[in-house]
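Here the structure comes first, spelled out in C-alpha coordinates, and everything after it is commentary.
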Amino acid sequence: MMTDAHKWPRLFVAEDLRANTTIALAPEPSHYLSHVLRLRQNDPVRLFNARDGEWLSRVAAEPAKKRGLTLALQKQLRPQLTEPDLWLCCAPIKRAHFDFMMMKATELGVAHIQPILTDRTQVREVNADRSRAIAIEAAEQSERLSIPIIHPPIALDHMAIHWPAGRLPIVCAEFGEAMPIGLAMRPFGATPPAAAAVITGPEGGFTPSEMQQLRQIPNALPLRLGPRILRADTAALAALSCWQALCGDWR
Ligand code: SAH
(Lines give C-alpha, C1' and ligand atoms only; values in the text may rest on other atoms or scores of the structure.)
Protein backbone atom coordinates (compact mmCIF):
# COMPACT_ATOMS: atom_id res chain seq x y z
CA MET A 1 0.00 0.00 0.00
CA MET A 2 1.51 3.27 -1.15
CA THR A 3 -1.07 5.61 0.35
CA ASP A 4 1.14 6.68 3.24
CA ALA A 5 4.24 7.08 1.11
CA HIS A 6 4.27 10.87 1.42
CA LYS A 7 4.65 10.51 5.20
CA TRP A 8 7.77 8.37 4.98
CA PRO A 9 11.01 10.18 5.74
CA ARG A 10 12.87 11.32 2.66
CA LEU A 11 16.64 11.55 2.30
CA PHE A 12 19.09 12.66 -0.35
CA VAL A 13 22.03 10.27 -0.77
CA ALA A 14 25.01 10.28 -3.12
CA GLU A 15 24.99 6.53 -3.85
CA ASP A 16 23.41 4.84 -6.86
CA LEU A 17 19.92 3.52 -6.16
CA ARG A 18 19.28 -0.02 -7.33
CA ALA A 19 17.05 -2.85 -6.17
CA ASN A 20 18.50 -5.35 -3.70
CA THR A 21 21.41 -3.19 -2.63
CA THR A 22 22.08 -1.60 0.74
CA ILE A 23 23.27 1.84 1.71
CA ALA A 24 25.24 2.53 4.88
CA LEU A 25 24.26 6.00 6.05
CA ALA A 26 26.71 8.57 7.38
CA PRO A 27 26.57 9.34 11.14
CA GLU A 28 24.39 12.47 10.80
CA PRO A 29 21.48 10.98 8.82
CA SER A 30 21.80 7.76 10.87
CA HIS A 31 21.37 9.75 14.06
CA TYR A 32 18.45 11.68 12.61
CA LEU A 33 16.56 8.56 11.52
CA SER A 34 17.26 6.40 14.57
CA HIS A 35 17.23 8.98 17.40
CA VAL A 36 15.14 11.89 16.19
CA LEU A 37 12.56 9.99 14.13
CA ARG A 38 13.07 6.79 16.18
CA LEU A 39 12.81 4.46 13.23
CA ARG A 40 12.99 0.73 13.87
CA GLN A 41 13.93 -2.26 11.77
CA ASN A 42 11.83 -2.48 8.58
CA ASP A 43 10.54 1.08 8.79
CA PRO A 44 10.31 2.76 5.36
CA VAL A 45 12.59 5.58 4.19
CA ARG A 46 12.43 7.22 0.77
CA LEU A 47 15.71 7.95 -0.98
CA PHE A 48 16.68 10.06 -4.01
CA ASN A 49 20.03 10.96 -5.53
CA ALA A 50 18.99 13.33 -8.36
CA ARG A 51 19.68 10.57 -10.92
CA ASP A 52 17.67 7.44 -10.22
CA GLY A 53 14.25 8.76 -9.19
CA GLU A 54 12.80 8.07 -5.74
CA TRP A 55 13.23 4.72 -4.02
CA LEU A 56 11.66 2.88 -1.14
CA SER A 57 14.15 1.46 1.34
CA ARG A 58 13.74 -0.11 4.75
CA VAL A 59 15.85 0.00 7.88
CA ALA A 60 17.89 -3.21 7.56
CA ALA A 61 18.52 -4.02 11.22
CA GLU A 62 17.38 -2.84 14.63
CA PRO A 63 19.20 0.48 15.18
CA ALA A 64 21.95 0.22 17.76
CA LYS A 65 23.89 2.92 19.55
CA LYS A 66 27.15 3.97 17.91
CA ARG A 67 26.35 2.04 14.78
CA GLY A 68 25.38 3.67 11.49
CA LEU A 69 22.04 2.82 9.99
CA THR A 70 21.89 0.55 6.96
CA LEU A 71 19.01 0.86 4.51
CA ALA A 72 17.95 -1.95 2.20
CA LEU A 73 16.63 -0.74 -1.15
CA GLN A 74 13.40 -2.26 -2.32
CA LYS A 75 11.86 -0.61 -5.34
CA GLN A 76 11.57 2.58 -7.31
CA LEU A 77 8.58 4.71 -6.32
CA ARG A 78 9.01 7.46 -8.95
CA PRO A 79 11.24 7.68 -12.01
CA GLN A 80 13.61 10.62 -12.45
CA LEU A 81 11.69 13.34 -14.32
CA THR A 82 12.99 16.18 -16.40
CA GLU A 83 12.49 19.38 -14.46
CA PRO A 84 12.14 22.95 -15.76
CA ASP A 85 15.42 24.39 -17.02
CA LEU A 86 15.10 27.48 -14.86
CA TRP A 87 18.11 29.34 -13.41
CA LEU A 88 18.38 32.04 -10.80
CA CYS A 89 21.23 34.51 -11.31
CA CYS A 90 21.24 36.61 -8.17
CA ALA A 91 23.60 38.92 -6.33
CA PRO A 92 24.52 37.35 -2.98
CA ILE A 93 22.91 39.16 -0.06
CA LYS A 94 23.20 39.04 3.74
CA ARG A 95 23.48 35.52 5.04
CA ALA A 96 20.06 34.95 6.58
CA HIS A 97 18.34 36.36 3.49
CA PHE A 98 20.56 34.43 1.10
CA ASP A 99 19.88 31.18 3.01
CA PHE A 100 16.17 31.92 2.79
CA MET A 101 16.48 32.62 -0.94
CA MET A 102 18.35 29.31 -1.53
CA MET A 103 15.74 27.37 0.42
CA LYS A 104 12.75 28.94 -1.33
CA ALA A 105 14.30 28.92 -4.81
CA THR A 106 14.82 25.17 -4.32
CA GLU A 107 11.17 24.71 -3.38
CA LEU A 108 10.21 26.70 -6.47
CA GLY A 109 12.12 24.28 -8.68
CA VAL A 110 15.22 26.20 -9.76
CA ALA A 111 17.80 23.99 -11.50
CA HIS A 112 20.91 26.20 -11.20
CA ILE A 113 21.79 29.12 -8.95
CA GLN A 114 24.47 31.49 -10.22
CA PRO A 115 25.58 34.14 -7.73
CA ILE A 116 26.64 37.34 -9.53
CA LEU A 117 28.96 40.05 -8.26
CA THR A 118 27.85 43.60 -9.04
CA ASP A 119 29.19 47.06 -8.14
CA ARG A 120 26.87 47.32 -5.16
CA THR A 121 27.19 43.70 -4.02
CA GLN A 122 28.37 43.93 -0.43
CA VAL A 123 28.43 40.23 0.34
CA ARG A 124 30.99 38.80 -2.09
CA GLU A 125 31.31 35.24 -0.91
CA VAL A 126 28.97 32.29 -0.88
CA ASN A 127 29.56 29.39 1.48
CA ALA A 128 29.10 26.56 -1.02
CA ASP A 129 28.75 23.75 1.56
CA ARG A 130 26.23 25.64 3.61
CA SER A 131 24.13 26.63 0.59
CA ARG A 132 24.18 23.07 -0.71
CA ALA A 133 23.08 21.71 2.68
CA ILE A 134 20.17 24.17 2.69
CA ALA A 135 19.22 23.21 -0.87
CA ILE A 136 19.36 19.49 0.01
CA GLU A 137 17.10 19.96 3.02
CA ALA A 138 14.62 21.99 0.97
CA ALA A 139 14.63 19.36 -1.79
CA GLU A 140 14.06 16.57 0.75
CA GLN A 141 11.04 18.24 2.26
CA SER A 142 9.53 19.55 -0.98
CA GLU A 143 9.44 16.12 -2.68
CA ARG A 144 11.87 17.28 -5.34
CA LEU A 145 13.87 14.66 -7.19
CA SER A 146 16.88 16.87 -7.83
CA ILE A 147 19.10 19.40 -6.05
CA PRO A 148 19.84 22.78 -7.61
CA ILE A 149 23.47 23.26 -8.53
CA ILE A 150 24.94 26.29 -6.78
CA HIS A 151 27.85 27.79 -8.69
CA PRO A 152 30.74 29.93 -7.43
CA PRO A 153 30.11 33.68 -7.88
CA ILE A 154 31.02 35.35 -11.20
CA ALA A 155 31.15 39.01 -12.22
CA LEU A 156 28.05 40.49 -13.83
CA ASP A 157 29.91 41.66 -16.95
CA HIS A 158 31.40 38.19 -17.42
CA MET A 159 27.92 36.69 -17.16
CA ALA A 160 26.46 39.21 -19.61
CA ILE A 161 29.23 38.66 -22.20
CA HIS A 162 29.13 34.87 -21.96
CA TRP A 163 25.36 34.51 -21.77
CA PRO A 164 24.40 31.07 -23.12
CA ALA A 165 22.53 31.32 -26.44
CA GLY A 166 18.96 30.08 -26.19
CA ARG A 167 18.46 30.90 -22.51
CA LEU A 168 15.90 33.67 -21.99
CA PRO A 169 17.38 36.35 -19.68
CA ILE A 170 14.59 37.66 -17.46
CA VAL A 171 16.00 40.88 -16.03
CA CYS A 172 14.22 42.04 -12.88
CA ALA A 173 14.53 45.77 -13.51
CA GLU A 174 13.58 48.00 -10.63
CA PHE A 175 14.12 51.11 -12.83
CA GLY A 176 14.05 52.03 -16.50
CA GLU A 177 11.76 50.75 -19.20
CA ALA A 178 10.29 47.36 -18.31
CA MET A 179 7.10 45.41 -18.99
CA PRO A 180 4.87 44.18 -16.18
CA ILE A 181 5.90 40.55 -15.64
CA GLY A 182 2.45 39.03 -16.20
CA LEU A 183 1.95 40.89 -19.48
CA ALA A 184 5.40 39.94 -20.73
CA MET A 185 5.03 36.24 -19.98
CA ARG A 186 1.47 35.69 -21.09
CA PRO A 187 2.16 35.80 -24.86
CA PHE A 188 4.47 32.78 -24.56
CA GLY A 189 1.25 30.79 -24.16
CA ALA A 190 1.65 27.06 -24.65
CA THR A 191 5.18 27.29 -26.03
CA PRO A 192 7.39 29.19 -23.57
CA PRO A 193 11.17 29.08 -24.03
CA ALA A 194 12.53 25.81 -22.61
CA ALA A 195 15.45 27.54 -20.88
CA ALA A 196 15.19 30.72 -18.84
CA ALA A 197 17.05 32.59 -16.10
CA VAL A 198 15.72 35.10 -13.60
CA ILE A 199 18.32 37.83 -12.91
CA THR A 200 18.09 39.93 -9.73
CA GLY A 201 20.32 42.57 -8.19
CA PRO A 202 21.75 43.18 -4.70
CA GLU A 203 20.15 45.13 -1.83
CA GLY A 204 21.48 48.35 -3.37
CA GLY A 205 20.11 47.53 -6.82
CA PHE A 206 21.87 47.50 -10.21
CA THR A 207 23.85 50.56 -11.34
CA PRO A 208 22.62 52.26 -14.54
CA SER A 209 25.55 50.86 -16.51
CA GLU A 210 24.90 47.32 -15.22
CA MET A 211 21.27 47.65 -16.23
CA GLN A 212 22.47 48.73 -19.66
CA GLN A 213 24.71 45.66 -19.91
CA LEU A 214 21.88 43.35 -18.89
CA ARG A 215 19.53 44.90 -21.43
CA GLN A 216 22.09 44.26 -24.15
CA ILE A 217 22.13 40.50 -23.62
CA PRO A 218 20.44 39.13 -26.79
CA ASN A 219 16.67 38.67 -26.22
CA ALA A 220 16.84 40.21 -22.73
CA LEU A 221 13.42 40.68 -21.21
CA PRO A 222 13.44 43.54 -18.66
CA LEU A 223 10.49 43.10 -16.34
CA ARG A 224 8.85 45.01 -13.54
CA LEU A 225 7.47 43.28 -10.47
CA GLY A 226 4.80 45.80 -9.61
CA PRO A 227 5.00 49.37 -8.36
CA ARG A 228 6.86 48.64 -5.11
CA ILE A 229 10.59 48.05 -4.64
CA LEU A 230 10.98 44.51 -3.36
CA ARG A 231 13.86 43.23 -1.33
CA ALA A 232 16.27 41.16 -3.39
CA ASP A 233 15.04 37.84 -1.96
CA THR A 234 11.36 38.76 -2.43
CA ALA A 235 12.04 39.89 -6.01
CA ALA A 236 13.77 36.63 -6.92
CA LEU A 237 11.04 34.45 -5.43
CA ALA A 238 8.23 36.53 -6.94
CA ALA A 239 9.77 36.35 -10.42
CA LEU A 240 10.40 32.60 -10.14
CA SER A 241 6.79 32.06 -9.02
CA CYS A 242 5.43 34.06 -11.96
CA TRP A 243 7.57 32.06 -14.37
CA GLN A 244 6.49 28.72 -12.90
CA ALA A 245 2.81 29.76 -13.00
CA LEU A 246 2.78 31.18 -16.53
CA CYS A 247 5.56 29.30 -18.32
CA GLY A 248 6.84 26.55 -16.02
CA ASP A 249 5.61 23.42 -14.27
CA TRP A 250 2.74 25.00 -12.33
CA ARG A 251 0.66 25.16 -15.49
N1 SAH B 1 17.89 49.63 -3.44
C2 SAH B 1 17.31 49.55 -4.73
C3 SAH B 1 16.41 48.35 -4.82
C4 SAH B 1 17.09 47.07 -4.98
S5 SAH B 1 15.99 45.78 -4.87
C6 SAH B 1 16.47 50.76 -4.96
O7 SAH B 1 16.10 51.40 -3.99
O8 SAH B 1 16.17 51.04 -6.11
C9 SAH B 1 16.98 44.41 -5.29
C10 SAH B 1 16.69 43.80 -6.65
O11 SAH B 1 15.38 43.26 -6.67
C12 SAH B 1 16.73 44.76 -7.81
O13 SAH B 1 18.04 44.95 -8.29
C14 SAH B 1 15.83 44.07 -8.83
O15 SAH B 1 16.54 43.09 -9.55
C16 SAH B 1 14.79 43.42 -7.95
N17 SAH B 1 13.59 44.24 -7.78
C18 SAH B 1 13.11 44.79 -6.65
N19 SAH B 1 11.94 45.41 -6.85
C20 SAH B 1 11.65 45.25 -8.16
C21 SAH B 1 10.55 45.64 -8.98
N22 SAH B 1 9.53 46.34 -8.51
N23 SAH B 1 10.58 45.28 -10.28
C24 SAH B 1 11.60 44.58 -10.79
N25 SAH B 1 12.66 44.17 -10.07
C26 SAH B 1 12.69 44.49 -8.76
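The values are calculated or read from the model by the stated rules, or taken from the named source; none is laboratory data. Quantities reported herein were computed from a predicted structural model and do not represent experimental measurements. No Cβ is skipped: glycine too gets one built from the backbone with ideal geometry, and neighbour counts run over all protein chains shown. Accessible surface areas use protein heavy atoms only, side chains included; no ligands, DNA or RNA. Shrake-Rupley method; radii C 1.70, N 1.55, O 1.52, S 1.80 Å.
How many percent of the accessible area of the stretch 56-131 is carbon or sulfur, using a 1.4 Å probe?
Numbers: 1990 of 3970 Å².
The nonpolar share, carbon plus sulfur, comes to 50 percent.
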Checklist line | Computed helical MRE - 222 nm, the chain, DSSP H runs ≥ 4 contributing -39500 (n - 2.57), nearest 500 | finding: -7500 deg cm²/dmol
Notebook entry, point to check: Using θ = phi - 60° and the Karplus curve 6.51 cos²θ - 1.76 cosθ + 1.60, what whole-Hz ³J(HN,Hα) does each residue of the stretch 116-127 get, with Gly and Pro shown as x?
Noted result: 10, 9, 10, 4, 9, 6, 8, 8, 10, 10, 10, 7
Item checked: Cβ-placed point charges (K, R +1; D, E -1), dipole of the chain about Cα centre in debye, nearest 20 -> 560 debye
Next item on the list: Could you do me a favour and compute the accessible area per residue for the stretch 114-200, 1.4 Å probe, result in Å²?
Entry: 51 Å²
Check: Per q in 0.12, 0.13 1/Å, what log10 I(q)/I(0) does a Debye calculation on the alpha-carbon atoms of the stretch 4-78 return?
Finding: -0.27, -0.31
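Per the Kirkwood treatment, what hydrodynamic radius in Å, one decimal, follows for the chain from the mean inverse distance over all distinct Cα pairs?
Numbers: mean 1/r = 0.0508 Å⁻¹.
By the Kirkwood definition, the hydrodynamic radius is 19.7 Å.
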Notebook entry, point to check: From the phi of every residue in the stretch 84-94, what ³J(HN,Hα) in whole Hz does the Karplus formula 6.51 cos²θ - 1.76 cosθ + 1.60 yield, where θ is phi - 60° and glycine or proline is x?
Noted result: x, 8, 10, 10, 10, 9, 9, 5, x, 10, 3
Next item on the list: Quick one: angle between helix 128-141 and the longest Cα principal axis of the chain, in degrees between 0 and 90, rounded to 10, please.
Entry: 70 degrees
Check: What is the distance, in nm, between label points placed 7 Å from the Cα along the Cα-to-Cβ direction at ILE229 and at ALA64?
Finding: 6.3 nm
Check: Using modelled backbone amide H atoms (1.01 Å from N, in-plane), which distant-in-sequence or interchain residues come within less than 5 Å of LEU77's amide H?
Finding: GLU54, TRP55, LEU56
Notebook entry, point to check: Near the amide H of CYS90, under 5 Å away, which other amide H atoms are found, from residues 5 or more places off or on another chain, if H is placed in the peptide plane?
Noted result: GLN114, ILE116, THR200
Item checked: Note, ³J(HN,Hα) from phi for the stretch 216-233, Karplus 6.51, -1.76, 1.60, rounded to Hz, x at Gly and Pro -> 8, 4, x, 6, 4, 10, x, 10, 10, 9, x, x, 9, 7, 9, 5, 4, 5
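Show me 126-138, 180-192 ranked by packing, highest mean number of other Cβ atoms within 10 Å first.
Details: 126-138: 16.2, 180-192: 13.1.
The densest-packed peptide leads the list: 126-138, 180-192.
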Check: Long-range amide H contacts for LEU230: which residues qualify at under 5 Å (H placed 1.01 Å from N, peptide plane, sequence gap of 5 or more or a different chain)?
Finding: none
Notebook entry, point to check: Can you tell which of PRO79, PRO153, PRO27 shows the greatest fluctuation in a Gaussian network model of the chain with Cα springs below 10 Å?
Noted result: PRO27
